[in-house]
Amino acid sequence: MFKICMTEDVPEREARSFELDNGDIIFITQRDGAFYAYQNLCPHLQVELEFLENQFLDRDQEFIECSTHGALFLVESGECISGPCQGQSLEKVEITVHSDGGIYLTE
């Protein structure tokens, strides 16, 4: 199993990006103690979501936001609810939080 980070590396209502061994860039966000991970690619233009490092959420830290065209995605599902890719979703990355506090890729 590949350990991505520790739970304390991703504060509540924030997000952090991580590069995997295969070169993929993902981000993990935390909402109400649950962790969600997605590929760092907007389904509309296949561009990275953030303009500034680790700035994946909107101003109110309620939704994931694409900095290129302002599309908004639900944190819990990755579904686009506003913008040109409405009805599409971010590509989910399966993760597991272990009792040691580590967040691991699910194989």
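Comparing Gln86, Leu105, Ile64 along the charge dipole axis of the chain, the residue lying farthest to the positive side is Gln86, per the Cβ-charge model.
Once fully extended, how much extra length lies between Ser77 and Asn22, figured as 0.36 nm per residue of separation less the alpha-carbon to alpha-carbon distance?
On the way: separation 55, 0.36 × 55 = 19.80 nm, distance 2.40 nm.
Residue separation times 0.36 nm, minus the Cα-Cα distance, leaves 17.4 nm.
The share of accessible area on the chain that comes from carbon and sulfur is 44 percent, using a 1.4 angstrom probe.
Normalising the average separation of contacting C-alpha pairs (under 8 angstrom, six or more residues apart) by the number of residues puts the relative contact order of segment 2-105 at 26 percent. Taking the Cα centre of segment 1-77 as origin and assigning +1 to Lys and Arg Cβ atoms and -1 to Asp and Glu Cβ atoms, the resulting dipole is close to 100 debye. Stretched out straight at 0.36 nm per residue, the stretch from Ser89 to Phe35 would grow longer than its current Cα-Cα span by 17.7 nm. The stretch between Val97 and Val47 holds 15.2 nm of extra length on full extension. This uses 0.36 nm per residue minus the Cα-Cα distance.
The values are calculated or read from the model by the stated rules, or taken from the named source; none is laboratory data. Everything numeric here is computed off the predicted structure, so don't read it as measured data. No Cβ is skipped: glycine too gets one built from the backbone with ideal geometry, and neighbour counts run over all protein chains shown. Ligands, DNA and RNA are stripped out before the accessible areas are found, and what is left, the full protein with its side chains, is counted by its heavy atoms. Shrake-Rupley method; radii C 1.70, N 1.55, O 1.52, S 1.80 Å.
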